Structures are given as structure tokens and as C-alpha cells.
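The values are calculated or read from the model by the stated rules, or taken from the named source; none is laboratory data. These numbers come from a predicted model, not from an experiment. All Cβ positions, glycine included, derive from the backbone under ideal geometry; neighbour counts span all protein chains shown. Quick note on the areas: whole protein, heavy atoms, side chains included, nothing else; ligands and nucleic acids left out. Shrake-Rupley method; radii C 1.70, N 1.55, O 1.52, S 1.80 Å.
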Amino acid sequence: MESGQHSVSLPFQHIIASVVNMKSGLKKHMLVLLAASALSVFHLMAQKEEFATWTSIKATIGISQRWGISSYAEYCSMDNLKQTDRWNINVGTFCNLKPWLKLEGSYELHYYQAKGDWSVRHRYKLGAQGNIVRNAVEFSLRERLQRTASSKGTDNCLRSRLKVACLPEQWKVNPYASVEVFQPLGDGAFFTVGEIRFHTGFVWNLSGRCSLDVFYCRLRETGLRQNILGTELGIRF
């Protein structure tokens with residue numbers, strides 16, 4: 001098992017370390033993200049734009065030093081708060097394989113509205129996140145495979161997120177910013193950008209077991225641009 005862990009974790013260690021050292025590998029990765037962002041901006045300039053909200057509550061339970069389970073419920077509005085976009089219920093598990101490497105998997109049920117009709121879809125996520133902290137600043141890279149199944153068929157994508165957060169011990173409020181790119185998989189769709197999200201916000205540590213995440217998200221995808229205000233209440237057991 002140790003040899004298997006090493007073969008999986010080593011690439012993530014190099015990727016995350018390069019964020020701090022600004023090596024050529026990171027520069028290439030960041031250039032890809034920035035290029036994808038720029039292309040999305042120009043491509044979607046004249047498309048529909050709206051205001052929305054995401055509100056959720058999340059519970060995390062530690063089973064052992066490495067393993068844990070999590071669950072959250074979320075409500076999303078759309079069309080400038082005029083309509084409900086969807087309700088989500090998520091159940092997942094995670095493993096802290098190394099202090100700087102976490103593996104995760106989850107199932108999510110959506111009850112969503114599409115053109116006035118309500119439908120159900122199922123979403124499965126499998127991912128890994130590597131992180132490194134330098135001078136109370138955390139750099140993290142998360143790669144997540146996502147499969148969504150509904151009556152309309154299935155959709156697969158790779159979600160790549162690069163995040164920076166400030167985590168001084170004496171601060172009760174920790175600001176962060178991230179960019180996440182959704183890349184469709186299959187049918188010759190590789191190297192295209194289906195969606196991109198720019199996140200900025202802060203986590204307010206209300207107590208040792210409770211926190212409040214308040215954020216703004218700029219979402220861009222084909223035919224739609226959203227300005228999203230969101231909150232997530234997190235509880236750890």
C-alpha cells in the first residue's frame with residue numbers, strides 16, 4: 001500500500017510545490033487556466049447575464065485520524081432571485097492520505113427546474129486535492145472527475161481548481177480566491193472549456209466546530225453568465 005500511495009502522491013507534491021516556487025510546470029498550468037479564462041470572457045461577452053444565490057449547510061464527521069464523512073444540503077436560486085434553480089443533497093467521504101493530500105468521493109441528488117419542468121438528476125464526484133502552506137498562505141490544486149446522469153443522458157467533465165487562502169492562526173476571518181475550469185470529456189470535447197468559475201470570499205471561524213463561508217462567484221458558461229452570492233454554514237463533529 002505504501003508504494004501505491006507514493007506513486008499517486010508524488011505528482012501532486014510536485015504540482016503543489018511548484019505553486020510556491022513558480023517553476024516552469026506551474027507557469028504552464030497557470031497559463032492554460034488564464035488562457036481558458038480569457039477565451040471564455042471574450043466568447044460570452046454578449047450572452048445572458050443574471051443574479052443568483054447559493055445557500056447551504058454542511059456537516060463533517062471525523063471517523064478516524066484519516067477518514068471522515070460529510071453531507072450538505074443546498075438551495076440555489078436563479079433568474080435574478082425570481083425562480084428556484086435546484087435543491088441539492090450530497091453525501092460523501094474523504095481520506096487524508098497525506099498531510100498535504102486528500103482523496104474524496106461523493107454522490108449528489110438534484111431536484112432541479114428546466115424550462116418550467118422539475119426533474120431529478122444524479123451526480124457522482126471523485127477527486128484529489130493537494131495543498132501546501134507557506135507563511136500562513138495555503139496553495140491548493142484540486143482535480144475532480146464528475147459524472148451527471150439524468151433523463152436527458154449523461155455528462156462527464158474534469159473540474160480543475162486552483163485556490164489561494166490566507167490562514168494566520170490569530171485571524172478569525174480567512175480570505176480566499178480561486179478559479180475553476182470545467183472541461184467536458186468524451187466525443188472529442190477534450191481541451192474545450194464548458195464552464196469557468198471565479199470565486200472570492202472569506203471563511204469566518206465562529207467557533208472551533210462552526211464556520212461561515214461567505215463568497216461571490218462569477219460563473220460563465222455557454223449562453224449564461226451569473227453573479228452569485230453564496231453562504232455555507234459548516235459544522236464539524
For this session: Would you mind finding the one in Thr60, Thr154 that is on the phi < 0 side of the Ramachandran plot, in contact with a Lys or Arg (Cβ under 8 Å, 6 or more places away or on another chain) and without any contact (Cβ under 8 Å) to a residue 12 or more places away in the chain?
Result: Thr154
Problem set entry | Residues of region 208-231 satisfying the condition of being open to solvent by 20 Å² or more (accessible area, probe 1.4 Å), polar (S, T, N, Q) and modelled with pLDDT of 95 or more | Asn227, Thr231
Problem set entry | Filtered residue count, region 138-161, keeping only those that are exposed (fewer than 15 other Cβ atoms within 10 Å of the Cβ) and out of contact with any His (no Cβ under 6 Å at 6 or more places or on another chain) | 5
Exercise. What's the number of the condition Asn80 fails, among (1) within 22 Å of Arg225 (Cα to Cα); (2) at pLDDT 95 or above?
Worked result: (2)
Exercise. Which condition does Trp118 not pass, out of (1) open to solvent by 30 Å² or more (accessible area, probe 1.4 Å); (2) under 30 Å from Gln170 (Cβ atoms), if it passes all the others?
Worked result: (2)
Exercise. Tell me, which residue of region 162-190 that is within 17 Å of Gln146 (Cβ to Cβ) and part of a loop (DSSP other than H, G, I, E, B) is most open to solvent (accessible area, probe 1.4 Å)?
Worked result: Asp187
For this session: Looking for whichever is open to solvent by less than 60 Å² (accessible area, probe 1.4 Å) and either at pLDDT below 95 or not aliphatic (A, V, I, L, M) (or both) here; the options are Tyr107, Tyr112. Which one fits?
Result: Tyr112
Problem set entry | Hits in region 199-237 - residues which are of a type outside the set (D, E, K, R) and over 24 Å from Trp171 (Cα atoms) | Leu219, Thr222, Gly223, Leu224, Gln226, Asn227, Ile228
Exercise. For region 118-138, what are the residues that are small (Gly, Ala, Ser) and within 14 Å of the chain's Cα centre (by Cα)?
Worked result: Gly127, Ala128, Gly130
